[in-house]
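Below: one structure, written as structure tokens.
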Amino acid sequence: MTVGVYPGSFDPVHLGHLDLIARAARVFDRVIVAVARNSEKEGLFTPAERIEMLRAAVVHLRNVEVDAFDGLTVDYARARGAGVLVKGLRAVVDFEYELKQASMNARLAPELDTVFFMTAPPFYFLSSTLIREVGRLGGAVTGLVPEGVEERLRAKFRRV
């Protein structure tokens with residue numbers, strides 16, 4: 001059984017993430033979407049909120065689970081019995097960053113492979129940072145995020 005771990009902040013999850021998750025679920029026996037908790041970086045949504053949104057968005061994918069982790073991704077992947085790290089690539093800028101990260105992960109855990117999925121064309125431009133910025137400024141992100149996320153963004157920014 002091949003287990004893939006797709007790590008990220010998912011703050012918030014968007015349709016580009018979901019496209020990659022669905023495609024990885026077709027390739028691997030099990031996919032674990034792993035929400036990274038980063039104590040040095042405060043997110044817009046708490047890890048618990050991100051997990052809740054992700055679980056709702058992937059409920060139809062039977063071989064996908066959502067979890068959270070602290071520390072090194074490779075340590076988490078080993079603990080979960082994964083053999084593959086799943087990553088998405090949007091553009092050249094992503095490639096340089098992800099190549100560095102994959103190289104370090106290979107040094108730390110040579111038994112883990114990193115598999116890159118090219119982002120589907122409709123999502124090349126999409127990032128959680130961009131979604132947060134548009135939401136903060138009151139713009140619509142309909143059609144870019146799963147059902148319910150846009151409302152949660154609006155609610156977050158009404159409180160700020």
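Around A140, under 10 Å between beta carbons, what's the net of Lys plus Arg minus Asp minus Glu among the other residues?
Details: positive: R154; negative: E150.
That works out to 0.
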*Calculate how steeply helix 149-159 sits against the longest principal axis of the alpha-carbon atoms of the chain, using the helix alpha-carbon long axis, and give the answer as 0 to 90 degrees to the nearest 10.*
60
_Computed magnitude of the charge dipole of the chain (debye, nearest 20; Cβ of K, R +1, Cβ of D, E -1)_ = 240
*Step through the residues of the stretch 128-133 one at a time and calculate ³J(HN,Hα) from phi using the Karplus curve (6.51 cos²θ - 1.76 cosθ + 1.60, θ = phi - 60°), rounding each to whole Hz and writing x for Gly and Pro.*
4, 4, 5, 4, 4, 5
*Pop a pseudo-label 7 angstrom from the Cα along the beta-carbon direction at both Q101 and A120 and give the gap in nm to one decimal.*
2.1
*Tell me which residues come under 5 Å, amide H to amide H, from G88 once H is placed; ignore anything under 5 positions away on its chain.*
F117
*Taking H placed 1.01 Å from N in the peptide plane, check which residues at least 5 places from D113 or on another chain put their amide H under 5 Å from its amide H.*
V84, L85
*Going by alpha carbons, how many degrees (0 to 90, nearest 10) lie between the helix axis of 92-108 and the longest principal axis of the chain?*
40
*Between the alpha-carbon centers of the stretch 28-77 and the stretch 130-160, tell me the distance in whole angstrom.*
20
*When the convex hull of the Cα atoms of the chain is projected onto a plane and the area is averaged over all directions, what value comes out in nm²?*
9.2
*Calculated from DSSP H runs of 4 or more alone, at -39500 (n - 2.57) each and per residue, what is the 222 nm mean residue ellipticity of the chain, nearest 500?*
-13000 deg cm²/dmol
*Given labels modelled 7 Å from the Cα in the Cβ direction, how far is it in nm from A155 to D75?*
3.4
*If contacts are Cα pairs under 8 angstrom and at least 6 residues apart, what is the relative contact order of the stretch 3-159 in percent?*
29
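Every number in this text was worked out from the coordinates using simple rules, so none of it is lab data. What you see is a predicted model, and the numbers here were worked out from it, not measured in a lab. We place every Cβ from the backbone using ideal geometry, glycine too, and count neighbours over all the protein chains shown.
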